[in-house]
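The values are calculated or read from the model by the stated rules, or taken from the named source; none is laboratory data. Computed from a predicted structure; not experimentally measured. Because the Cβ atoms are built from the backbone with ideal geometry, glycine has one as well, and the counts that use them run over all protein chains shown.
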Amino acid sequence: MTYFTPAIDKYFALWIVPETWHTGHPLDMERFYKFVIAINYYSKAIRRPPLELNDPLLAKHPASLRPKFAKLIVATDRNPRTVDEEGFKEKILLAVKRNHPNFDEAYAAKLVDKYAEKAMVVLDALWAVKKTGFPNRNIQKWQPSLK
C-alpha cells in the first residue's frame, strides 16, 4: 500500500486492512486515531521563506533591526496532508476498494465522510497544540488532588 508515506502507510494498513467494513459494527476507533496521530507526527510543517524587510510583521521594529528579526521570525504552514480533506477521502476510498472489493461503495463513501471529518478535527486540534506550544507531554504527569 502506498497512499501517504511509508511510515504513515503502516498505521493506515493496521486500520484499513483488518477492519471488516462488511458488517454494521462500528470500526475500531483506537486504530483510526493511531493512524490520524501518525499523519500529524510524520507530516512536518512546511517552512516559509524569511520575511521581506517591508513585511507588516516587521513594521513595529526599528529599521536597523528588521534584517535580524526577518531571519528570527520563522513562519510555518501546515503540511497539505493534514489539511486536505478531499485528498484524504480519496485515499481512504481507494484503499477500501482495493482491500475490500465487494464492499458497497455508497456506504463506504458515507463512512469515509464521517471519518474524514473526525480526522480533520483531530488534526486541527493537534496543529493548535503544536502552534501554541502547549506542554502536552506534561499532561499525564500532573494529577489533580482530590482532597
Within region 61-68, can one find any residue that is of a type outside the set (A, V, I, L, M, F, W, C) and either in contact with a strand residue (DSSP E or B) (Cβ under 9 Å, 6 or more places away or on another chain) or touching a residue at least 60 places away in the same chain (Cβ under 8 Å) (or both)?
no
For region 54-91 the number of residues that are over 20 Å from K131 (Cβ atoms) and within 30 Å of the chain's Cα centre (by Cα) is 8
I'd like to know if region 83-97 contains one or more residues that are loosely packed, with under 12 Cβ neighbours inside 10 Å and modelled with pLDDT under 85.
no
Identify, by number, the condition in (1) outside any helix (DSSP H, G or I); (2) surrounded by 11 or more Cβ atoms within 10 Å (Cβ to Cβ) that N102 doesn't meet.
(2)
